[in-house]
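*Asks:* Would you mind keeping the following structure in view while I ask a few things?
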Amino acid sequence: EDKVVQSPLSLVVHEGDTVTLNCSYEVTNFRSLLWYKQEKKAPTFLFMLTSSGIEKKSGRLSSILDKKELFSILNITATQTGDSAVYLCAVPASYGKLTFGQGTILTVHP
Amino acid sequence: NAGVTQTPKFQVLKTGQSMTLQCAQDMNHNSMYWYRQDPGMGLRLIYYSASEGTTDKGEVPNGYNVSRLNKREFSLRLESAAPSQTSVYFCASILDNYGYTFGSGTRLTVV
């Protein structure tokens, strides 16, 4: 059974701080790892990672995958209140089924 | 360009009542999914349909049934609602293994 574990489960920071969110996984047939941001409604896609050591970057957000150690991190620099959300990582299995981690609740205070 | 449409957005049921959550996508996607999200649990797969005419159980199927009515529509039915089914339900569809599109969710409360 595929397993995805995220840490920390919650995080409170102030604007301008840098945060690192962690995602470890155990899957039988690794294809990729996905990061999502969820604000109140449906998850929205952030990154897809397939290759180890290749950083994906979008503005202040970046993510990297370590296939040897079976984990990924999501970094957010210079956090803003608009970054407050639940951040989910997931791994797809056969037929597109996603196994999600528990999520990290990020709260950014002004 | 509606994407994935779920109805209703909110629902309150009494224990033992039945209801059907509707999901439709207009992107010609082959595969469709129903997930539930509970606090601290992430999203968990209830049922999925890899293609029109097929359905399979996911991680938490007990208490639910599904119907893949056609390529566009995938409904989730609760025959006898229980308080443990209080959750937020998301429908999703994909064309390939990565391009997930989620519906906006249904917040269900069973009292």
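*Asks:* Tell me whether the stretch B:70-81 contains one or more residues that are closer than 27 Å to A:VAL4 by Cβ and open to solvent by 30 Å² or more (accessible area, probe 1.4 Å).
*Replies:* Scanning the stretch B:70-81, I find no residue that is closer than 27 Å to A:VAL4 by Cβ and open to solvent by 30 Å² or more (accessible area, probe 1.4 Å), so the answer is no.
*Asks:* List, please: which pairs have Cβ atoms under 7 Å, are six or more places apart or on different chains, and start with a residue in the stretch A:24-39 that is within 11 Å of chain B (Cβ to nearest Cβ) and end with one that is assigned to a loop (DSSP other than H, G, I, E, B)?
*Replies:* Pairs found: A:ARG31/B:ASN97; A:SER32/A:THR50; A:SER32/B:TYR98; A:TYR36/A:PRO43.
*Asks:* Scan the stretch B:17-28 residue by residue and report those that are open to solvent by 40 Å² or more (accessible area, probe 1.4 Å) and either farther than 19 Å from B:ALA92 by Cα or among the hydrophobic types (A, V, I, L, M, F, W, C) (or both).
*Replies:* B:GLN17, B:SER18, B:MET27
*Asks:* Which one is nearest to A:SER10 (Cα to Cα), of the residues in the stretch A:75-91 that are among the aliphatic types (A, V, I, L, M) and more than 11 Å from chain B (Cβ to nearest Cβ)?
*Replies:* First, pick out the residues of the stretch A:75-91 that are among the aliphatic types (A, V, I, L, M): A:76, A:78, A:85-86, A:88, A:90-91.
Keeping just the survivors that are more than 11 Å from chain B (Cβ to nearest Cβ) gives A:76, A:78, A:85.
Working: A:ILE76: 15, A:ALA78: 18, A:ALA85: 10 Å.
My answer is A:ALA85.
*Asks:* While we're looking at this one, here's another question. Any idea which of A:SER63, A:SER72, A:SER58, A:SER94 is touching a residue at least 40 places away in the same chain (Cβ under 8 Å) and away from every other protein chain (no Cβ under 14 Å)?
*Replies:* Values: A:SER63 fails: touching a residue at least 40 places away in the same chain (Cβ under 8 Å); A:SER58 fails: touching a residue at least 40 places away in the same chain (Cβ under 8 Å); A:SER94 fails: away from every other protein chain (no Cβ under 14 Å).
It is A:SER72.
*Asks:* What's the number of the condition B:SER80 fails, among (1) farther than 27 Å from A:LEU9 by Cβ; (2) in contact with a Lys or Arg (Cβ under 7 Å, 6 or more places away or on another chain); (3) outside any strand (DSSP E or B); (4) touching a residue at least 40 places away in the same chain (Cβ under 8 Å)?
*Replies:* (2)
*Asks:* Within the set of pairs 6+ apart or on separate chains, which have a first residue in the stretch B:41-65 that is outside any strand (DSSP E or B), a second that is small (Gly, Ala, Ser) and surrounded by 14 or more Cβ atoms within 10 Å (Cβ to Cβ), and C-beta atoms under 7 Å apart?
*Replies:* Short answer, once both residue conditions are applied: B:GLY42/A:GLY101; B:GLY42/A:GLY103; B:ALA50/B:SER31; B:SER51/B:SER31; B:THR55/B:SER49.
*Asks:* Right, next: Strands (runs of 3 or more DSSP E) wholly in the stretch A:12-110 with at least 1 residues that are open to solvent by less than 60 Å² (accessible area, probe 1.4 Å) - which ones?
*Replies:* Passing ranges, in order: A:19-26, A:33-38, A:44-49, A:61-66, A:71-76, A:85-92, A:98-100, A:104-109.
The values are calculated or read from the model by the stated rules, or taken from the named source; none is laboratory data. Remember, predicted model here, so these are calculated numbers, not experimental data. Using ideal geometry, Cβ is built from the backbone for each residue, glycine included, and neighbour counts are taken over all protein chains shown. In case anyone asks, the SASA skips ligands and DNA or RNA and just uses the protein heavy atoms, side chains included. Shrake-Rupley method; radii C 1.70, N 1.55, O 1.52, S 1.80 Å.
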